[in-house]
Every structure is written in structure tokens, then in C-alpha cells.
Amino acid sequence: MKLTAVELRRISLPLVAPFRTSFGTETTKDALLIRAITPDAEGWGECVAMDEPLYSYEHVDGAQDVVRRFLLPRLFAAGEVTAGQVASVLEPVKGHPMAKAAVEMALLDAELRQAGQSLSTYFGATRDRVPSGVSVGIMGSIAELLDVVGGYLDAGYVRIKLKIEPGWDVEPVRAVRERFGDDLLLQVDANTAYTLGDARQLAKLDPFDLLLIEQPLPEDDMRGHAELSRRIGTPVCLDESITSARAAADAIALGACQIINIKPGRVGGYLEARRIAAVAAANGLPVWCGGMLETGIGRGANAALAACPEFTLPGDVSASDRFYARDITPPFVLDDGHIAVPTGPGLGVDVLPDVLDEVTTSVETIRP
């Protein structure tokens, strides 16, 4: 496809409630959207970088600068390019997977819209809906936590993920397990908040029959995760550590994880996400699709990915109202614990122009 223009649009969406993790609290989603414009189609991409470089070194202002100054000039210079070629064209620019993923996503959407093919079909998805889990942030009290978890279970979510950190781990998990029973699919996410020296504390989670503990140690501590896996009974799931299919292969070879959380926006795009899933499947590891508080644009794409056969655990593809009172696309709605996979061309979702205009904070159009 030959790009005639690319629109960089910033939006600000308030969250329905503050979302606290071990690295900070979010109250709004400040997102960079990318609209790829070609002679025959348009496509949307969403960058998952956060306001501040706390989850990763990338942040949304920096991502926009990298897209504008370094990524788009290379794509324009390449002439006609397919979505599958984007990664190789941009490879000389080191790092910045979230920025690259958003660009690739926009071109992939445009390419599939032009072809009249859905993303789920392109991926080889085998389901028309996916089980929906929900991520529950760190709360002010256990009583508040129990109320929130109970509300999500009443809504129909099939799996609960609790954010944890030192001082907020064993007792919240114990309280949720005791209140809601052994049949609840329950897992925890530490977002790198612990060290290997905390292995004895993390082992105290073993009696609660968790699905997994996600990213307990720093992302670059593969050996530490391998050792932790030997010291605790709860399966270790890697998230931030898995930056590519190669990183996934290394982690598996070292025994650093038994499960992988794949976040397409974090690993450089949906095509790399598919490669990571293939590596995991070849080694017998289950995977699931994580979330980064995406708008309906990224949420629809995540649903298509989560519908692929390698994704055997419930992911974080929740209903739109989990985070937003009003989204920039028609909302995704929970139905009997599941989210429908979009079937229209491309990502299968369309933005709502009036809502998009209301939440837009800036627009920049770049041409070759």
C-alpha cells in the first residue's frame, strides 16, 4: 500500500474509576491514535504507551515524536509497503515497539479493509467470541476489594486478576478466595514489584490454587524468574519480559515461565504477537491476551487475537464499560461472560466521529 498521509491524533478519555497498579494510578487514558490514509482505504492504529515511562521506557509524547521524526519518513521512503513489511522497514530504528505496533496496526487495518477481510479471518481465529477476564487494581481496603470483585462476578466475568505489590498480596488473595470459593478462576499480577528475595513471601500464595502469578520480578531478570519457578508452586507467567518471539524462546528454554501473557502493543505489533503465540504453542505453553486499557480500536483487535487457537486461557478483553463510560467506538458488551469478535473488514470496528471529536486534544497530519 502507498501511504498518501498519516494522521496523528491525541485523545483523552476519563476512566470510570482510578486504576492502581504497583507502578502508579491512572485516571485518564491519554492515547495516540494513528490513521493511515491510502488512495483506496484508511486504517486505524492505537499506541498503548502511557503518559509516563513507568510500565516501560516508552511514553505517549515520546511515541508520537518517534513516529513523526523516524518511523513515518522510512515508510514514506519505502513507497508501496505491506503491513507484513513494516517491521523490517522500521527495524533500523532501535526499540520503540509500542510506536511501531501502532503504525503497523494502522496499515494492517487499511490493507484488510481494502481486501474486504476481517482481522480474525486473517489471523486464523477459530472462535466468534472469547471468554472475558477482568483486571482489578489495588484497592484502599479488602472490604472495597471484595465489593468490586463481587460486582464483576455478578456482571458475568469468568476470571479475576488481582494486582498485587509488597504489603498487598497474601491477605487480599485469601479474602477473595474465601469469599468467592475455590471454583473462581483467580490469578495475580505483580508488574515487576518483587525480587527473588521475596520468594518465601510469594510461596505463601501457593495454597490458593491460582492460575498464575504474572511478572513477579523485574523484566530483565530471566534467571531470577527461572529460580523462582523452582521455589514456588504457582505457575509463573511472563508479561513485560516477553518483548519478541526470540525473547519468548529464551524464556522458555531457561524455564523462566510456564505461561505467557501476550500484549500486541508491547511486543511490536499483532504480527509479532502471532509469532510469539506460535513459539509458545510449539513448546506446549498456554498463552492469553493481555490488555493496556485500549479503546475500542485496540480492544477489537485484541478480541480477534484472543480468538486464535493458541490462546487457551481467558484474557483481559473486557467490556468497554470496565474502563470507559463512553468509548470512541460502539461498545463491546459482556454476554454470558464473553466478548464478541468483530467480523467486519479490517479491525471490524469503526470510530464514532462525534465522540472522537469531543475527546480529541490535537491532530497532526503528515504527508510524504
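Among the residues that make up the range 82-90, is at least one of them assigned by TED's automatic domain parsing to the domain that holds K29 and assigned to a loop (DSSP other than H, G, I, E, B)?
Of the residues in the range 82-90, the ones assigned by TED's automatic domain parsing to the domain that holds K29 are 82-90.
Those left that are additionally assigned to a loop (DSSP other than H, G, I, E, B): 82.
Yes, the range 82-90 has at least one match.
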Q.
One residue is enough: does the range 110-119 have a residue meeting the conditions within 20 Å of the chain's Cα centre (by Cα) and part of a helix (DSSP H, G or I)?
A. yes
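Quick one: which residue in L313, L293, L285, L238 is more than 26 Å from Y152 (Cα to Cα) and among the aliphatic types (A, V, I, L, M)?
Values: L313 fails: more than 26 Å from Y152 (Cα to Cα); L293 fails: more than 26 Å from Y152 (Cα to Cα); L238 fails: more than 26 Å from Y152 (Cα to Cα).
When all the criteria are applied, what remains is L285.
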Q) Which residues, counting only those in the range 336-368, are touching a strand residue (DSSP E or B) at 6+ places or on another chain (Cβ under 6 Å) and of a type in the set (D, E)? A) E364
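Every residue, every condition in (1) crowded, with 22+ Cβ neighbours inside 10 Å; (2) out of contact with any helix residue (DSSP H, G or I) (no Cβ under 9 Å at 6 or more places or on another chain); (3) within 25 Å of E294 (Cα to Cα), yes or no:
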| position | (1), (2), (3) |
| --- | --- |
| A83 | yes, no, yes |
| S88 | no, yes, no |
| K94 | no, yes, yes |
| L107 | yes, no, yes |
| Q114 | no, yes, yes |
Q) Take the residues of the range 160-172 that are in contact (Cβ under 8 Å) with a residue 24 or more places away in the chain and surrounded by fewer than 21 Cβ atoms within 10 Å (Cβ to Cβ): which is nearest to G233 (Cα to Cα)? A) V170
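Which residue out of R35, R9, R74 is buried (at least 18 other Cβ atoms within 10 Å of the Cβ) and farther than 13 Å from L107 by Cα? Spell out how you get there, then give the answer.
Values: R35 fails: farther than 13 Å from L107 by Cα; R74 fails: buried (at least 18 other Cβ atoms within 10 Å of the Cβ).
Matching residue, one of R35, R9, R74: R9.
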Q. Looking at the range 269-368, what helices (runs of 4 or more DSSP H) fall wholly within it and have at least 1 residues that are assigned by TED's automatic domain parsing to the domain that holds E42?
A. 353-359
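Would you call S229 modelled with pLDDT of 95 or more and assigned by TED's automatic domain parsing to the domain that holds L293?
Details: modelled with pLDDT of 95 or more: yes; assigned by TED's automatic domain parsing to the domain that holds L293: yes.
Against the criterion (modelled with pLDDT of 95 or more and assigned by TED's automatic domain parsing to the domain that holds L293), S229 qualifies.
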Q. Applying the selection to the range 254-272, what residues are under 11 Å from S229 (Cβ atoms) and of a type in the set (G, A, S)?
A. G255, A256
Q. Out of curiosity, is V86 in contact with a Gly (Cβ under 8 Å, 6 or more places away or on another chain) and of a type outside the set (S, T, Y)?
A. yes
Q: Determine whether the range 100-107 contains at least one residue that is without any contact (Cβ under 8 Å) to a residue 24 or more places away in the chain and not assigned by TED's automatic domain parsing to the domain that holds D239.
A: no
Q. L186 passes all but one of (1) in contact with a Pro (Cβ under 9 Å, 6 or more places away or on another chain); (2) buried (at least 18 other Cβ atoms within 10 Å of the Cβ); (3) closer than 20 Å to D316 by Cβ; which number fails?
A. (1)
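Condition (residue is over 27 Å from A115 (Cβ atoms), in a strand (DSSP E or B) and hydrophobic (A, V, I, L, M, F, W, C)) applied to the range 41-59: is it met by at least one residue?
Going through the range 41-59, the residues over 27 Å from A115 (Cβ atoms) turn out to be 49-59.
Those left that are additionally in a strand (DSSP E or B): 50, 59.
From what is left, the residues that are hydrophobic (A, V, I, L, M, F, W, C) are 50.
Looking through the range 41-59, at least one residue is over 27 Å from A115 (Cβ atoms), in a strand (DSSP E or B) and hydrophobic (A, V, I, L, M, F, W, C).
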Q. Taking the range 217-271 as the search range and keeping residues that are closer than 29 Å to G84 by Cβ and of a type in the set (D, E), which one is surrounded by the most Cβ atoms within 10 Å (Cβ to Cβ)?
A. D239
**Q.** Tally, over the range 132-158, of residues that are within 20 Å of R177 (Cβ to Cβ) and in a strand (DSSP E or B)
**A.** 4
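With the requirement that a residue be among the polar types (S, T, N, Q) and either exposed (fewer than 15 other Cβ atoms within 10 Å of the Cβ) or over 15 Å from D30 (Cβ atoms) (or both), what does the range 53-71 give you?
Residue satisfying the conditions is S56 alone.
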**Q.** V66 within 26 Å of P14 (Cβ to Cβ), modelled with pLDDT of 95 or more and not assigned by TED's automatic domain parsing to the domain that holds G269
**A.** no
Q. Which members of the range 288-346 meet the condition of being among the acidic types (D, E) and touching a residue at least 40 places away in the same chain (Cβ under 8 Å)?
A. E294, D316, D321, D327, D335, D336
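The values are calculated or read from the model by the stated rules, or taken from the named source; none is laboratory data. Since this is a predicted model, take the numbers as computed values, not measurements. So basically every Cβ, Gly included, is an ideal-geometry build from the backbone, and we count neighbours across all protein chains shown.
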